[in-house]
Amino acid sequence: MPQAQPHAPQRAVITGAAGFIGSHLAEALLAAGTTVIGVDRRDHYDPRAAANLARILDHPAYIHVTADLLTCAVEPLLLDADAVFHLAGIPGVRPSWGPEFSDYVGSNILATQRVMTAATTMRVPRLVVASSSSVYGPTDGTPSAENDPTRPASPYAVTKLAEEQLCLAHATRPGSPTTVVALRYFTVYGPRQRPDMFIHRALNAALAGTPLRLYGDGHQQRDFTYIDDVVTATIAAASPQAPGGVVNVGGGTGATLRDIIRSAQELSGRPIEIQAHTTRNGDVPVTRADLARARRLLGYRPTVDLTTGMSRQLAALTHVTAAISS
Ligand code: NAD
Ligand code: UGA
């Protein structure tokens, strides 16, 4: 479970509530007593969204609105909200080079402009937006701090940088009623992780006995961050005490893809067959978060190590696999 939340808002809007991170955030806020309006263009008719929403759809304090933020009326959704958590977006790095790019621009930039404009009009005091470690681009492996230069190396990363800066630009207008905190999440994992992501694929390959596609030599390193820590930081960012700006949210320990494969094999007790593929465009060799600002401004400290987090993800996946085959 995420840590206790003394400053959870009374009424919050979560965009992207049917997604991996949004659904965990909704669960934690509901547990803290918040009324949650979840907005997503997916709902229980989509099997993956249904699985994400399973624990919250029937909660008396949860209202699900199925809507596309590119076209829906956003202002009525934000009525009386103390905070907006803007997590809706198109997340993957690799497909962003393809024809899907217009969807990235639509959801990550154009929809964000609509959400931010509505938040300002409705005088929502606080908006927390999901940004990404990918905005830093390739680094020499030294921890990235928020003031470091940004060199996004994929179309996805370009849209995420535009998204966070767009929100911050609105917030710095004189008289803006909305404080913005842009959280740069570093490769988030845990139960219900998106199936395109590496840890899910490695665990699934072990359980199902299917080959795992490895892009590059497997020495890529990520600052993998467990979902409960991400949720704790995200709720802390909505507290009235947290100043606006950009903040990293990382897991505090790095691991390579080879480390992940080894752990997946050890935890599951099953071998993984590797299929070698070339490195994908826009894939950076290493991400590493400098967490000094997160500690100072949000009191954030990651609490879940990779082995614990991966074993929880494996347990959740095993449960789902068993349910499907029974
Ligand atoms: P996800 O795909 O599971 O969730 C995103 C949700 O947004 C989906 O349910 C989708 O239907 C919804 N959505 C997209 N466009 C929409 C639109 N126009 N209108 C309404 N709903 C829309 O992704 P996730 O992994 O939970 O990521 C959530 C956010 O965090 C994204 O903005 C992503 O860029 C960011 N992020 C994720 C990670 C990670 O490791 N998962 C890391 C850094 C940043
Ligand atoms: C992740 C999320 O997918 C993005 O939404 C997020 O914005 C980003 O983190 C972030 O930190 O900001 P990524 O680090 O690419 O992006 O995470 P994965 O998709 O899990 O990929 C990790 C590594 O595994 C990459 O090097 C990728 O090329 C590799 N990979 C992935 C494989 O070798 N095989 C696969 O099947 C999938």
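The values are calculated or read from the model by the stated rules, or taken from the named source; none is laboratory data. All values derive from a computational prediction rather than experimental measurement. Because the Cβ atoms are built from the backbone with ideal geometry, glycine has one as well, and the counts that use them run over all protein chains shown. We work out accessible area using only protein heavy atoms, side chains counted, and drop any ligands, DNA or RNA first. Shrake-Rupley method; radii C 1.70, N 1.55, O 1.52, S 1.80 Å.
Of the residues in the stretch 201-222, at least one is open to solvent by 40 Å² or more (accessible area, probe 1.4 Å), within 14 Å of ligand 1 (Cβ to nearest atom) and in a helix (DSSP H, G or I). Screening the candidates 63, 90, 37 for the property of being modelled with pLDDT of 95 or more, of a type in the set (Val, Ile, Thr) and within 16 Å of ligand 2 (Cβ to nearest atom) yields one hit, 90. Comparison of 107, 96 shows that the only residue that is surrounded by 16 or more Cβ atoms within 10 Å (Cβ to Cβ), within 23 Å of residue 154 (Cβ to Cβ), of a type in the set (Gly, Ala, Ser) and touching a Gly at 6+ places or on another chain (Cβ under 6 Å) is 107. Residue count for the stretch 263-283, restricted to those that are acidic (Asp, Glu) and touching a residue at least 40 places away in the same chain (Cβ under 8 Å): 2. The residues listed here are 142, 117; of these, the one that is more than 13 Å from ligand 1 (Cβ to nearest atom), closer than 18 Å to residue 222 by Cα and β-branched (Val, Ile, Thr) is 142. Within the span defined as the stretch 75-86, one or more residues are assigned to a strand (DSSP E or B), more than 14 Å from ligand 1 (Cβ to nearest atom) and touching a strand residue (DSSP E or B) at 6+ places or on another chain (Cβ under 9 Å). Considering (1) surrounded by 15 or more Cβ atoms within 10 Å (Cβ to Cβ); (2) away from ligand 1 (no atom under 16 Å from the Cβ); (3) farther than 19 Å from residue 140 by Cα, the lone condition that residue 238 does not fulfil carries the number (2). Residues in the stretch 117-128 that are under 14 Å from residue 39 (Cβ atoms) and open to solvent by less than 20 Å² (accessible area, probe 1.4 Å): 118, 119, 124, 127. Going through (1) of a type in the set (Val, Ile, Thr); (2) over 29 Å from residue 241 (Cβ atoms); (3) open to solvent by 40 Å² or more (accessible area, probe 1.4 Å) one by one, residue 35 falls short only on (2). Number of residues in the stretch 19-56 that are in contact with a strand residue (DSSP E or B) (Cβ under 6 Å, 6 or more places away or on another chain) and assigned to a loop (DSSP other than H, G, I, E, B) equals 3. Out of the residues in the stretch 39-61 meeting the condition of being in contact with a Ser or Thr (Cβ under 8 Å, 6 or more places away or on another chain) and open to solvent by less than 70 Å² (accessible area, probe 1.4 Å), tell me which one is farthest from ligand 1 (Cβ to nearest atom). Applying the filter and picking the extreme gives 61. Taking the stretch 249-277 as the range and being in contact with a Phe, Trp or Tyr (Cβ under 7 Å, 6 or more places away or on another chain) and outside any helix (DSSP H, G or I) as the test, the residues that pass are 249, 250, 251, 255, 277.
Of all residues in the stretch 144-178, those satisfying the criterion of being open to solvent by less than 50 Å² (accessible area, probe 1.4 Å), closer than 19 Å to residue 298 by Cβ and either of a type outside the set (Ser, Thr, Tyr) or touching a Pro at 6+ places or on another chain (Cβ under 8 Å) (or both) are 145, 146, 164, 167, 168, 171, 178.
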